[in-house]
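Have a look at the structure below before the remarks.
Throughout, read-outs are computed from the coordinates displayed, never taken from laboratory work. Everything numeric in this text was worked out from a predicted model, so none of it was measured. Here Cβ is always computed from backbone atoms with ideal geometry, including for glycine, and neighbour counts include all displayed protein chains.
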Amino acid sequence: QVQLVESGGGLVQAGGSLRLSCAASGRTFSSYSVGWFRQAPGKEREFVAAAGWDGRNTYYADSVKDRFTISRDNVNWKVYLQMNSLNPEDTAIYYCAASSNWATRDQSRYDVWGQGTQVTVFS
């Protein structure tokens, strides 16, 4: 099974950018679709973005569309989330996840989760 480790979170001023990384290890990473989810304090975990096995098909939550970009590097077994124009509402723990199914917004379809990385946006 794939293991996932996120990095790249931190403290950023509103309007700024961050790039999250997710390093995979274990079984063949390229056969998995991948997703990013986030959980803000006191809220349910929510979908952010997803990409198919080759990274060509991507999906975004309406709240991040045109600001965030998901990408993957199947050679180096990494997934990225480029986050631009950040605002305080983006403050959350961000989780990388892998699914043996098609890329989906449904978090119940994801088999493997990372431990999360904190993103804090201040105004």
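Each of 14, 42, 76 was scored by the projection of its Cα onto the charge dipole of the chain, and the greatest displacement toward the positive side belongs to 76; charges sit on the C-beta of Lys, Arg, Asp and Glu. The range 70-90 and the range 23-49 have Cα centres spaced 11 Å apart. Among residues other than residue 86 with Cβ under 15 Å from its Cβ, the summed charge is +1 (Lys and Arg +1, Asp and Glu -1).
Per the Cα gyration tensor, the range 1-78 maps to an equivalent ellipsoid with semi-axes of 22, 14, 13 Å, ordered largest to smallest.
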